[in-house]
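Since the structure comes first, as structure tokens, the remarks are kept for the end.
Since every read-out is calculated from the coordinates, none of them should be taken as a lab result. Values in this document were obtained by computation on a predicted structure and should not be read as measured data. Every residue, glycine as well, gets a Cβ built from its backbone with ideal geometry; the counts of neighbours run over all protein chains shown.
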Amino acid sequence: MHLPSRTSRFQRSLQVAALALAGVVGVSAAGAHPAVVSSEFIYETASYPSCHASTIAETTQGHLVAAWFGGTHERHPDVGIWVSRHENGAWTEGVEVANGVQAEGPRMPTWNPVLFQAPGGPLLLFYKVGPNPREWWGMVMESKDGGVSWGKPRRLPDGILGPIKNKPVVLPDGSWLSPSSTEGNEDGWLVHFEHSRDAGATWEKIGPVAKGAPLDGIQPSVLFHADGKLEAVFRTKQGTVGMTWSEDGGRTWSGLSATDLPNPNSGTDAVTLVDGRQLIVYNHSGHSPPPQRPGKGLRYPLDVALSDDGVSWRRVVTLETEPCDAGYAYPAVIQGGDGRIHITYTWDRKRIKHVVLDPKRL
């Protein structure tokens, strides 16, 4: 596989971001695209005003489970992890299953839940607890009945954060690879991975990945390629979606480089479809923050793109186009057992939306 030079690809990505900001956006709106099977809110009203960072999984029982954090606002100590199940064609009322209440000391906010259905095992819920992303720690809890009830939360080992935003993947040898990252280090944002050979009983940290192009990246997603290579794509501060590659099953990774997709410093998620295509959900915009959101880029539109090689991407569906205060952000994506694609994302920090796509119509 030929990869363009890091410098040329980084420059190209910034050009793409500039074009996006100039108004070159416009694919089909979600309601008009034939691939959109359904689009709905997981809930209409809640006991808390703000939500963010959804995640979705399909259980061994055959139904969907979604989770997100909700509370007064991000970083507030009352923020907890909420879970809903999709049963009999509808989402159940969200239930708080985890919070940051401490045995000693003040209550802490919770962050970024990640659902993962362990093959032949329980449904796992990873999340973070702490005052901010620089100081948080990883937690995990299990459900043996598809998210109906949950066991006692346990803290992950020191130095292991768990999947930071996006789902772990199962490697061909049956081991688990968890995409992770850190913020607030002397070296800036750093991408790393966490590997388990014993179904999550123990973990080994891999990385951090060396910086190739001048990119600060976090929140990777892992993709599989037919030649055996792994790819991770991730959010950056530099106006582009980043990527890194592994040719040895995730043990080592290439230096960070840029894709040809823009990124407004906002989370993405990606998945390898059963037909071999790579799919990413992301905000197709660069920086230029609105006055009410200094330091943050435009978190709209929200788009879906496909790639055959993980390098060149093409937009195929626009899920959201209209500006709003907090944007449409932090998507999560899976492909269900029936082949359909399920996407959840934050809708203006007020609700969580669930969209189903038919991949045959992309």
Point to revise | Positions within the stretch 163-172 being touching a strand residue (DSSP E or B) at 6+ places or on another chain (Cβ under 7 Å) and either in contact (Cβ under 8 Å) with a residue 60 or more places away in the chain or surrounded by fewer than 23 Cβ atoms within 10 Å (Cβ to Cβ) (or both), in sequence order | key: LYS165, ASN166, LYS167, VAL169, VAL170, LEU171
Point to revise | Top-ranked residue of the stretch 174-225 - restricted to ones that are charged (D, E, K, R) and in contact (Cβ under 8 Å) with a residue 12 or more places away in the chain, ranked as surrounded by the most Cβ atoms within 10 Å (Cβ to Cβ) | key: GLU194
Revision key, fill the gap. Selection from the stretch 83-116 of residues under 16 Å from VAL129 (Cβ atoms), in contact with a Gly (Cβ under 8 Å, 6 or more places away or on another chain) and either hydroxyl-bearing (Ser, Thr, Tyr) or outside any strand (DSSP E or B) (or both) yields ASN99, GLY100, ARG107, MET108, PRO109, THR110
Review point. Among the residues of the stretch 246-266, is any of a type in the set (S, T, N, Q), within 30 Å of CYS324 (Cβ to Cβ) and not in a loop (DSSP other than H, G, I, E, B)?
Key: yes
Review point. For the stretch 239-251, which residues satisfy the criterion of being surrounded by fewer than 21 Cβ atoms within 10 Å (Cβ to Cβ), touching a residue at least 12 places away in the same chain (Cβ under 8 Å) and either touching an Asp or Glu at 6+ places or on another chain (Cβ under 6 Å) or farther than 30 Å from MET141 by Cβ (or both)?
Key: TRP245, GLU247
Check your understanding: If you go through the stretch 43-61 one residue at a time, do you hit one that is closer than 24 Å to VAL271 by Cβ and among the charged types (D, E, K, R)?
Key -> yes
Check your understanding: With respect to the numbered conditions (1) of a type in the set (Val, Ile, Thr); (2) in contact (Cβ under 8 Å) with a residue 24 or more places away in the chain; (3) within 30 Å of ASN185 (Cβ to Cβ), which one is the sole condition not fulfilled by VAL101?
Key -> (2)
Practice item. Check whether at least one residue in the stretch 319-331 is touching a Gly at 6+ places or on another chain (Cβ under 7 Å), small (Gly, Ala, Ser) and not in a loop (DSSP other than H, G, I, E, B), and report yes or no. Key: yes
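Residue by residue, here is whether (1) under 17 Å from ALA270 (Cα atoms); (2) buried (at least 22 other Cβ atoms within 10 Å of the Cβ) holds:
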position	(1), (2)
TYR300	no, yes
ASP309	yes, no
THR318	yes, no
PRO323	no, no
ALA326	no, no
VAL333	yes, yes
LYS350	no, no
LYS360	no, no
Practice item. With the condition kept exactly as written, say whether any residue in the stretch 62-71 is part of a loop (DSSP other than H, G, I, E, B), touching a residue at least 60 places away in the same chain (Cβ under 8 Å) and over 17 Å from the mean Cα position of the chain (by Cα). Key: yes
